[in-house]
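S.K.: Once you've had a glance at the structure underneath, I'll fire off some questions.
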Amino acid sequence: MQQQATIRPISTDRYGHTVADVMCRSRDAGAEQVRSGMAWVYLQDAKGYDSLFSIEQDAKRQRRGLWQDAQPVAPWEWRHAAKAGRSPVVAGSPTCHVGPRGGRYTITADGHKRYGCASPQ
């Protein structure tokens, strides 16, 4: 691709990584990744980037990129499950999961946790 990019550092995350806005050809590289289904909007880092949520919803509706999968698993859920030695939590799964603090939940079709299921399966 060999394109010039402009990087505007915003902050540093808890791991010491630079969090930045990246522009390439006057386009927001992060928004383009979300638009094409190459990236999820990470709630914890999305403050001030509200437009990304509608871009992600459009990518889901159009089934672009990762949204072609019937049950995509968010990277943070995948890592959390891997650390705990479990299979990843799948969106829309009727399975009752137990969180790190003992809360029981299922994952709704839109990827949100619904707390209060009876018992883990």
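S.K.: Just give me the residues in region 12-29 being loosely packed, with under 10 Cβ neighbours inside 10 Å and under 19 Å from TRP40 (Cβ atoms), in sequence order.
M.R.: The answer is ARG14, TYR15, HIS17.
Residue-by-condition table, conditions (1) outside any loop (DSSP other than H, G, I, E, B); (2) among the aromatic types (Phe, Trp, Tyr); (3) on the phi > 0 side of the Ramachandran plot:
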position: THR6; (1), (2), (3): yes, no, no
position: PRO9; (1), (2), (3): yes, no, no
position: GLY16; (1), (2), (3): no, no, yes
position: ALA39; (1), (2), (3): no, no, no
position: GLN44; (1), (2), (3): yes, no, no
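S.K.: Follow-up question, since we're still on this one. Name the residue that is surrounded by the most Cβ atoms within 10 Å (Cβ to Cβ), counting only residues in region 30-48 that are within 27 Å of GLN68 (Cα to Cα) and modelled with pLDDT under 90. Give the derivation first.
M.R.: First pass over region 30-48, keeping only residues within 27 Å of GLN68 (Cα to Cα): 30-47.
Subsequent filtering for residues that are modelled with pLDDT under 90 retains 42-47.
Values: TYR42: 12, LEU43: 10, GLN44: 8, ASP45: 14, ALA46: 16, LYS47: 7.
Selected residue: ALA46.
S.K.: Quick one: what pairs do we get from region 101-121, first residue within 18 Å of PRO72 (Cβ to Cβ) and of a type in the set (A, V, I, L, M, F, W, C), second assigned to a loop (DSSP other than H, G, I, E, B) and at pLDDT below 75, C-beta under 6 Å, 6+ apart or different chains?
M.R.: Close Cβ pairs (under 6 Å, with a partner that is assigned to a loop (DSSP other than H, G, I, E, B) and at pLDDT below 75) amount to ILE107/VAL89; ILE107/ALA91; ILE107/SER93; ALA109/GLY92.
S.K.: From (1) at pLDDT 80 or above; (2) closer than 21 Å to ASP45 by Cα, pick out the condition that doesn't hold for GLY111.
M.R.: Failed condition: (1).
S.K.: Here is a follow-up. Does at least one position in region 37-55 carry a residue that is touching a residue at least 24 places away in the same chain (Cβ under 8 Å) and of a type in the set (Lys, Arg)?
M.R.: Within region 37-55 (the criterion being touching a residue at least 24 places away in the same chain (Cβ under 8 Å) and of a type in the set (Lys, Arg)), the answer is no, since none of the residues qualifies.
S.K.: Considering each of ALA70, ALA74 in turn, give the residue that is aliphatic (A, V, I, L, M) and either modelled with pLDDT under 80 or exposed (fewer than 13 other Cβ atoms within 10 Å of the Cβ) (or both). I'd like the intermediate steps shown before the answer.
M.R.: Numbers: ALA74 fails: either modelled with pLDDT under 80 or exposed (fewer than 13 other Cβ atoms within 10 Å of the Cβ) (or both).
So the residue among ALA70, ALA74 that is aliphatic (A, V, I, L, M) and either modelled with pLDDT under 80 or exposed (fewer than 13 other Cβ atoms within 10 Å of the Cβ) (or both) is ALA70.
The values are calculated or read from the model by the stated rules, or taken from the named source; none is laboratory data. As the structure is a computational prediction, the values presented were derived from the model and not from experiment. Virtual Cβ from ideal backbone geometry, glycine too; neighbours counted across all protein chains shown.
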